[in-house]
1. Tally up the residues in segment 316-334 that are surrounded by 20 or more Cβ atoms within 10 Å (Cβ to Cβ) and under 14 Å from the mean Cα position of the chain (by Cα), please.
2. Which condition does residue 296 not pass, out of (1) away from ligand 2 (no atom under 16 Å from the Cβ); (2) closer than 28 Å to residue 395 by Cα, if it passes all the others?
3. Quick check, is residue 66 outside the structural domain of residue 169 (by TED's automatic domain parsing) and exposed (fewer than 13 other Cβ atoms within 10 Å of the Cβ)?
4. Name the single residue, out of those in segment 277-308 being under 19 Å from residue 352 (Cβ atoms) and without any contact (Cβ under 8 Å) to a residue 40 or more places away in the chain, that is farthest from the chain's Cα centre (by Cα).
5. Return yes when residue 296 is in the same structural domain as residue 151 (by TED's automatic domain parsing), more than 26 Å from residue 35 (Cα to Cα) and either more than 16 Å from ligand 1 (Cβ to nearest atom) or surrounded by 24 or more Cβ atoms within 10 Å (Cβ to Cβ) (or both) and no when it is not.
6. Of all residues in segment 304-329, which are assigned to a strand (DSSP E or B), closer than 16 Å to residue 252 by Cα and within 14 Å of ligand 1 (Cβ to nearest atom)?
7. Out of 18, 50, I need the residue that is free of Cβ contacts under 8 Å to residues at least 40 places away in the same chain and farther than 20 Å from residue 387 by Cα. Which one?
8. Are any of the residues in segment 374-394 without any contact (Cβ under 8 Å) to a residue 60 or more places away in the chain and either crowded, with 24+ Cβ neighbours inside 10 Å or part of a loop (DSSP other than H, G, I, E, B) (or both)?
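The values are calculated or read from the model by the stated rules, or taken from the named source; none is laboratory data. Being a predicted model, the structure only gives us computed values, none of them experimental. Every residue, glycine among them, receives a Cβ derived from its backbone with ideal geometry; neighbour counts consider all protein chains shown.
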Ligand code: NIG
Ligand code: FE
């Protein structure tokens, strides 16, 4: 019968194949790039990768043959840290931020995350679905084929459930695949301001088991930060979530160097995210225990903060991924290509390192490395075709959308 689809005449094909562990150090920069390549797809998966017209003996009259017109092809991009589902927006805090009021101060005044909590509580399921779908459509248009989506704007069971159910529904009906994270420990609700312990007990004893039973989240995450959850509280919450069968993530060392990086290594988190203030010792420990450093340069850019020390992490062989952190406060943008450009301009990563960070290493950050993140036989046929002659051009020509076409599991979803 022949294969379902061949994409031929690929000018440069970045495969990212061959590693079962995340890329570290030099591996992030040394990429296999095939010229004049083709890819064959059957039942939504890659079945062959080769050069020139080598596909001729696997096609039949039923095979669709599409021409990549000499362009650049990469695995579908992965955004491994988003706060996709939320109500409202926070442009009302923009002037405050521009005048220098710190992010955490806005939160302490009852704004920031807590303001989005109020909007998310008020929003109906349909409001949240429609708004999140619009953002997901945008992400896909920028070449993103899988995302991680966090709850965390409810801080009580019903609203957390509402957010997680919206994300589940989107996963069912939208081409982009979603991976779900429970972030009930995103802020302390005002009513528990002086009684963290009581809120943490509700999180751990009521919300976490119910959400696990309903199979609404695979990961559990905590905002470990000065003025939010302490190291001890974060360790307690994450240990409890591990007992319930969650995999672990942590918002670590974003503003203050609290030891979040060290904690993520100690607990064996799948990823540790932000890390702008991570200590060198913390990075070494993360390298040792194989925690992915999921860096979010859009947040540094938008909050006008320093960037994480990605060069040091790569030198220490910490596996680095990059994500958007899309959210209404610290990074209101769905554009992962801009984040990649900040990977070069802000983090001083090379274009090849950046591409490793948003494909195979991002797949590791959400434990999907066996299914996505590289173009190799057996994986999902998720492809981004860029109107660009090479990887460097993608990062150098900034602020535009380079996408020519996107395929999700072998289906053309952006044209
Ligand atoms: O990853 N740092 C905590 N959480 C988000 C911001 C959420 C918000 O401001 O609404 C982040 O930056
Ligand atoms: Fe975040």
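1. 10
2. All conditions are met except number (1).
3. Working: outside the structural domain of residue 169 (by TED's automatic domain parsing): yes; exposed (fewer than 13 other Cβ atoms within 10 Å of the Cβ): no.
So residue 66 does not fit the description; no.
4. Step one: list which residues in segment 277-308 are under 19 Å from residue 352 (Cβ atoms), which gives 292-295, 297, 307-308.
Still in the list and also without any contact (Cβ under 8 Å) to a residue 40 or more places away in the chain: 293, 308.
Numbers: 293: 11, 308: 16 Å.
Taking the candidates together, the pick is 308.
5. Details: in the same structural domain as residue 151 (by TED's automatic domain parsing): yes; more than 26 Å from residue 35 (Cα to Cα): yes; either more than 16 Å from ligand 1 (Cβ to nearest atom) or surrounded by 24 or more Cβ atoms within 10 Å (Cβ to Cβ) (or both): yes.
Judged against the criteria, residue 296 is a match.
6. Initially, segment 304-329 is screened for residues assigned to a strand (DSSP E or B), giving 320-322, 326-327.
Right, trim to closer than 16 Å to residue 252 by Cα and you get 320-322.
322 - this is the single residue of segment 304-329 that is assigned to a strand (DSSP E or B), closer than 16 Å to residue 252 by Cα and within 14 Å of ligand 1 (Cβ to nearest atom).
7. Numbers: 18 fails: free of Cβ contacts under 8 Å to residues at least 40 places away in the same chain.
Answer to the selection: 50.
8. The initial filter retains those residues of segment 374-394 that are without any contact (Cβ under 8 Å) to a residue 60 or more places away in the chain, namely 392.
Restricting the remaining residues to those that are either crowded, with 24+ Cβ neighbours inside 10 Å or part of a loop (DSSP other than H, G, I, E, B) (or both) gives none.
So far as segment 374-394 goes, no, none of its residues is without any contact (Cβ under 8 Å) to a residue 60 or more places away in the chain and either crowded, with 24+ Cβ neighbours inside 10 Å or part of a loop (DSSP other than H, G, I, E, B) (or both).
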